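Notes to accompany the following structure.
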Amino acid sequence: MLSHEDGVLRLELVNRRRHWPCWPPRLHSQHGAVSARTMIPLAVAATVLAGLVVVLRRPQPVPPPIAAAPTPQPSPLFASWLKFEPADAASAPAVQDGYIDNILGHQVFQFPPQGLPSMQARELLLDDDHLLLSSGRRLWNHELLNQPGLAGKFCYLHSGYCVKRLFDVQFFVDGAPAVIYDSQYAIERYPSHTVVRYFLGPVSVEENKFITWDDRAVCTYAVRGLDKQAHTLDIEVTAPYLTIPDGEQVTYPLLAHGTYQRIPIFVYLDAPGFSVADTKTIHLRRSLAVPASNSATPSPAPAPPSARAVVAVAFENKARGVMATAPPDDELAQQERDYNRWFADNVPYFDASDRAFKKMWYYRWWVVRFNMTQADTPDLKGYRFYEGKLGFDNVIGFAVPMQVKELTYLRDPAFALQQVQNSYRNLSDGGAITDPPGSPYWGETYSHWIASAVAEFNRVHPIPADTLRDILPAMARDVRAWITTYDPDGNGLPQRSKPRVTGYDLDILSYWFFSGTKLDLNAELFDMERVDYASFVYANARAVAELARLTNFQPFVSEFDTVADRIRSATLENLWDDQTQFFYPQRASDHARAPIRELHGFFPFTTRLAPDEPRYVAALKKFVDPDEFWARYPPVITSLYHYKRWTWEMDGLSRNIAPNPISMGARTLLQVLKHYHQDIITPEHFMELMRRYNSLVYPGVNPFDPTWRPNVHEYYSKWEPHQASSLPKPSDISHDFHSMYCALVVEGVVGLTPRNDELIELQPAALQWPYFLLDRLRYHGKDLTIVWDRPDGQVRYSGYPEGFSLYIDGTLAFTRDHLGHVLYDLRSGSVTEVNGPSPGT
């Protein structure tokens with residue numbers, strides 16, 4: 001038995017790659033053959049040196065033969081990560097090049113497994129079962145049918161262009177069609193690919209499905225005999241000619257040719273070794289000889305396949321020449337390595353004594369990768385990150401600040417910077433950021449804090465001055481729009497009449513207060529001057545001034561500091577209530593207050609609009625009050641005080657919880673811990689919120705693995721104590737990227753406070769953990785390694801001292817025997833312990 005901290009790789013990951021079951025033995029599927037994916041060893045080429053025999057007149061002693069020089073092997077992709085892992089896990093070949101596949105790989109059930117109560121078994125059938133996790137530069141899978149081939153829903157660039165079927169596959173064993181029942185196949189899914197094993201009587205077929213970065217949807221086939229007789233497996237492929245925007249008539253191997261958002265698309269079907277039937281439809285066939293196997297009993301390590309085939313549909317951007325490039329022989333192995341390489345190159349390594357935090361870190365980086373697209377279209381250039389490829393496939397202003405915060409901690413700053421540039425490339429006529437028009441979602445101008453996120457990004461990856469000067473005018477236009485177009489009375493409080501522009505839609509009760517606090521879709525909603533609008537525009541104005549100051553553009557410094565001061569004064573004068581000690585929205589027309597306490601009432605602390613004074617800090621008591629915002633999954637969007645007074649007339653409104661407001665709540669706690677003199681919020685509050693955040697994203701349906709198959713949904717409902725199920729009901733949209741997590745780990749758990757100066761500030765919140773480590777964190781052009789190993793005489797990380805240590809570019813900067821709030825001066829090398837808020841940020 002391994003402890004969870006030592007065995008996170010061994011228990012979850014390595015076992016699957018050694019042909020051991022992916023599930024405890026008593027939960028096998030009905031056919032009893034849930035074998036794991038084949039581990040592909042690295043090929044070792046032996047070099048043989050021939051010796052030259054020289055005959056001399058006098059006999060000479062024959063020297064010993066020269067040893068053959070070993071062929072150099074490429075370094076494992078994750079060598080820099082694995083030096084911090086337990087030795088037995090780090091030495092597994094599949095982990096060395098496939099860490100992400102291993103930590104996130106899992107079994108998918110086609111039907112409830114045996115060995116559990118029926119209700120519990122049904123909960124193992126999750127709503128994202130039918131999905132490929134790999135994606136290309138522009139191509140991704142939205143739905144995958146459980147059948148041979150690639151059918152379901154495949155989208156290119158946007159959900160505006162999707163096709164339901166790329167190709168179908170039928171197997172024939174010794175001439176007879178193979179009818180596949182649910183009990184005759186098993187599915188395992190990894191980020192880089194999905195493997196399906198079909199058990200077709202005397203043969204088994206392993207089908208690996210994946211999408212490559214260059215937009216090839218691929219199926220590879222590996223066939224094995226299961227008895228001592230020779231067999232023939234025929235693979236038949238049928239493929240449709242595809243619909244495509246601005247399409248032209250084509251013939252095989254071209255399936256479609258058209259143009260989408262000014263991008264030329266040529267879709268080819270590749271099936272090397274297949275013969276083409278003389279039919280009007282595309283019908284291909286290939287026969288594979290399956291020799292007799294040596295054993296009729298499957299072993300834990302099955303013999304290599306005796307026959308292979310590959311079928312792929314390639315979405316390309318120019319016509320091919322006469323000769324098409326043949327696919328590589330090791331296409332699956334190449335896909336695994338290439339896919340995992342993105343994480344090895346871009347993601348900092350994180351280790352934690354809490355297994356749920358560690359796995360969530362890597363899952364959330366997979367969410368980033370899954371929702372990434374790269375293309376140059378009229379509205380977007382380079383990298384763009386969608387709010388959700390399975391829901392809202394666009395660069396939506398509501399989600400962008402969270403995305404920029406998350407992308408800040410990728411090693412390459414280009415990802416975040418291009419997302420920022422794409423946002424400011426799309427402005428309304430009035431100058432405010434709006435959703436890019438190339439996607440059907442949503443054409444809205446959302447309330448946001450993008451400029452604030454950019455300023456914080458700049459404290460981690462300083463933006464080149466010329467790039468800053470290029471984007472500052474658009475940043476300024478956006479702020480001006482919110483204080484002119486959306487502040488017609490000029491009182492310093494932006495106003496809007498649509499709940500959706502908050503991003504929380506029908507969860508916003510205050511918009512309905514003046515309609516009797518009940519849903520009335522025919523009601524004419526009033527313009528509301530809201531705390532979140534004021535807080536975000538304040539933060540964006542401060543950010544524009546900060547960035548302008550760095551480029552020595554004084555007119556912007558003066559203008560936007562003045563704007564921020566005016567918004568702060570107006571907010572404190574109009575939206576703060578001394579009696580209840582909280583911030584409230586008000587109707588714009590007559591300044592009548594809506595006495596509904598919402599999460600947005602804390603956003604003045606999130607953005608540091610609220611002064612560091614006792615009268616305002618008192619509001620934070622409600623954040624951690626179980627009768628207000630500290631619910632089962634804190635914080636809720638509207639205070640429990642109001643939820644407990646819910647009436648049937650309010651049932652059209654919603655009480656959803658969601659990763660976005662939860663992560664905003666976590667960010668708020670960090671801002672309070674770092675910038676306010678107070679004793680209401682503690683580091684343990686932040687850590688407890690994060691633990692509950694984890695428990696929401698992990699489905700919690702696997703009785704043997706509490707961290708099985710994380711899935712961050714858009715929102716969750718039915719979480720209240722009176723609900724029949726203990727598990728909240730997730731929304732239909734899976735793997736959404738409209739919240740943050742990794743940034744909260746960096747800035748909260750590990751405690752980095754980004755700064756513009758030569759000081760490195762650390763204030764970890766994980767004060768109760770025995771260890772954590774963050775390595776290769778890119779900060780001001782340097783690599784930081786932040787280590788905590790509680791001094792107990794048992795060194796966790798070989799070569800690193802016990803205690804709290806900071807390394808800069810591999811060189812030890814300091815070690816302390818306890819965690820705490822410290823400043824390290826890069827110029828002098830001095831370490832200062834800080835008591836109280838962060839100085840000078």
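The values are calculated or read from the model by the stated rules, or taken from the named source; none is laboratory data. Given the structure is predicted, the values throughout are model-derived calculations rather than measurements. Glycine also receives a Cβ, built like all others from the backbone with ideal geometry; neighbour counts cover every protein chain displayed. Heavy atoms of the whole protein, side chains included, go into the accessibility calculation; ligands, DNA and RNA do not. Shrake-Rupley method; radii C 1.70, N 1.55, O 1.52, S 1.80 Å.
Structure values in brief
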quantity	calculated
Estimated Rh, the chain: Kirkwood, alpha-carbon pairs, angstrom	29.3
ASN522-GLN768 pseudo-label distance in nm [points 7 Å out on the Cα-to-Cβ vector]	5.4
THR485/ASP505 FRET efficiency (R0 22 Å; Cβ-Cβ; nearest 0.05)	0.50
The stretch 130-171 and the stretch 693-749: distance between their alpha carbon centers, rounded to Å	26
Accessible surface of the stretch 81-165, 1.4 Å probe, proportion on carbon and sulfur as whole %	52
Label-zone membership for the stretch 725-740, site LEU125, 7 angstrom Cα→C-beta point, backbone N under 16 Å	none
Heavy-atom accessible area order for TRP140, TRP646, TRP442, TRP213, largest first, 1.4 Å probe	TRP442, TRP213, TRP646, TRP140
The stretch 506-591 - percent of accessible surface contributed by carbon and sulfur, probe 1.4 Å	48
Entries in LYS83/LYS729; LYS318/LYS389; LYS358/LYS718; LYS164/LYS381; LYS622/LYS729; LYS164/LYS228 that, when Cα-Cα distance is taken, lie over 31 Å	LYS83/LYS729; LYS164/LYS228
At most 15 other Cβ within 10 Å, DSSP loop - GluC sites (Glu not before Pro), the stretch 751-841	GLU758
On Cα atoms only, tilt of 465-484 relative to the major axis of the chain in degrees	50
Degrees, to the nearest 10: 331-346 long Cα axis against longest axis of the chain	30
LYS644 accessible area, assembled protein chains, probe 1.4 Å, Å²	130
Solvent-accessible ranking of TRP630, TRP81, largest area first, probe 1.4 Å	TRP630, TRP81
Between the stretch 254-291 and the stretch 590-638, the Cα center-to-center distance that results, in Å	59
Helix axis angle, 659-675 relative to the chain longest principal axis, alpha carbon, degrees	60
Mean separation of Cα contacts under 8 Å, 6 or more apart, over the residue count of the chain: relative contact order %	9
Estimated FRET transfer efficiency when R0 is 35 angstrom, pair ASP174-ASP246 (beta carbons, to 0.05)	0.15
Calculated FRET value between ASP732 and ALA592, using beta carbons and R₀ = 35 Å, to 0.05	0.40
Solvent-accessible area of TRP366 with every protein chain in place, 1.4 Å probe, in Å² to the nearest 10	10
Value at 222 nm in deg cm²/dmol, rounded to 500, when DSSP H runs of n ≥ 4 in the chain each add -39,500 (n - 2.57)	-7000 deg cm²/dmol
Charge dipole (debye, nearest 20) of the chain; +1 at Cβ of Lys and Arg, -1 at Cβ of Asp and Glu	1620
Which of ARG122, ARG827 is most accessible, then next, and so on - probe 1.4 Å	ARG827, ARG122
Most positive-pole-ward Cα, LEU493, ALA432, LEU521, against dipole of the stretch 418-539 from beta carbon charges	ALA432
The stretch 491-569, dipole about Cα centre (Lys/Arg Cβ +1, Asp/Glu Cβ -1), debye to the nearest 20	80
Hull volume in cubic angstrom per residue (convex hull over the Cα atoms of the stretch 121-241)	118
HN-Hα J in Hz across the stretch 600-605 - Karplus 6.51, -1.76, 1.60, θ = phi - 60°, x for Gly and Pro	4, x, 9, 5, x, 7
The stretch 660-675 versus the stretch 547-569: alpha-carbon centroid distance in Å	25
Debye, to nearest 20: dipole size of the stretch 311-394, +1 on Lys, Arg Cβ, -1 on Asp, Glu Cβ	220
Dipole axis of the stretch 370-458 (+1 Lys, Arg; -1 Asp, Glu on Cβ), positive-most option in PHE415, GLY443, VAL395	PHE415
Per residue accessible area of the stretch 724-841, 1.4 Å probe, in Å²	38
Residue-level accessible surface for ASP101, protein heavy atoms, 1.4 Å, Å²	0
